[in-house]
Amino acid sequence: KTPWKSILMSAPVWGIMLGHAASNWGNYTLNQQLPTYMANVLGFDLKLTGLLSSMCYVLQWLVCIFASWMTDWIRGKQYMSTIRIRKLNTIIGLWLTGIFVVWAGYAGCNTTFAIILLLLTAGLNTFTVPGCKSSMLDMAPAFSGIVFGFSNTISNIPGFLAPQIAGSILQNSSLSEWQAVFWLSASVHILGSILFLLKGSDELQDWANVEKIDNIVDSKNKTSQENDDKNDDIIQTRL
């Protein structure tokens, strides 16, 4: 049976979900608002804006593949434990990107530097894929699909919430308003990662130990069967 209560009460599970949601918050904010920022603040034309925006997705694809390969290589060489590399990836994907996106808002007239920072923010965000977003495979492999389903559901709330909040801040699309949007995104990144960094685990959770659970169930069934047999013997003796 699926241990629904244990899953929903698990701190490591909530660490995964909050980290996943924080990553998506920054990703949705950047990918949806970046064209507007480049056009209104950096003064780029429509063609260049479209090209640079598409580069974010290409960079994310490349970085995700590299980060995942690197993580498996480090684990295979045993240079770091699984949970340490996952937490390091989460710090890169959330903390470092939070710093870069805020820095981009203060880049001033140096548009090239601002674009580099924003592209790094988009690309490095995918370090969370071999980070907190994959941790359920370590601690609950038998229920990883269910845990990811919960995580993906919660983490897509920023898909409609982040743009709404960004829009409410960007009344005049001024630089100070954009800086506030970037500060908010960085804050969500860092705050959303804390629980995973503190409670994230690569150890098989008791509620996810299927073999242990099966043994307990078998033991209970065996005890119940033995009690039934004793009761039958008592009844037959009396008869």
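At an R0 of 41 angstrom, the distance between the Cβ atoms of Trp183 and Trp69 translates into a FRET efficiency of 0.80.
Per residue, the solvent-accessible area of the chain (1.4 Å probe, heavy atoms of protein chains only, all protein chains present) comes to 54 Å².
The angle separating the long axis of helix 144-155 from the principal Cα axis of greatest extent in the chain is about 40 degrees. When only Cα pairs below 8 angstrom with a gap of at least 6 residues are kept, the chain shows a relative contact order of 36 percent.
To the nearest 20 debye, what charge dipole does the chain have about its Cα centre, counting +1 at the Cβ of each Lys and Arg and -1 at the Cβ of each Asp and Glu? Each step should come with its number before you reach the end.
Numbers: 15 positive and 15 negative charges, 100 e Å.
Magnitude of the dipole: close to 480 debye.
Of the chymotrypsin sites (Phe, Trp or Tyr not before Pro) found in the stretch 78-113, those that fall in a DSSP loop while having at most 13 other beta-carbon atoms within 10 Å are Tyr79, Tyr106.
Pairs of lysines in the chain whose Cα atoms sit within less than 30 Å of one another amount to 27, provided the residues are eight or more positions apart or on different chains.
Farthest toward the positive end of the dipole of the stretch 52-170, out of Gly108, Ser81, Ile169, is the Cα of Ser81, where the dipole comes from beta carbon charges about the Cα centre. Per-atom-type breakdown for the chain gives carbon and sulfur 62% of the accessible area (1.4 Å probe, protein chains only).
The values are calculated or read from the model by the stated rules, or taken from the named source; none is laboratory data. Being a predicted model, the structure only gives us computed values, none of them experimental. No Cβ is skipped: glycine too gets one built from the backbone with ideal geometry, and neighbour counts run over all protein chains shown. Accessible surface is based on the protein model in full, side chains and every heavy atom, while ligands, DNA and RNA are left aside. Shrake-Rupley method; radii C 1.70, N 1.55, O 1.52, S 1.80 Å.
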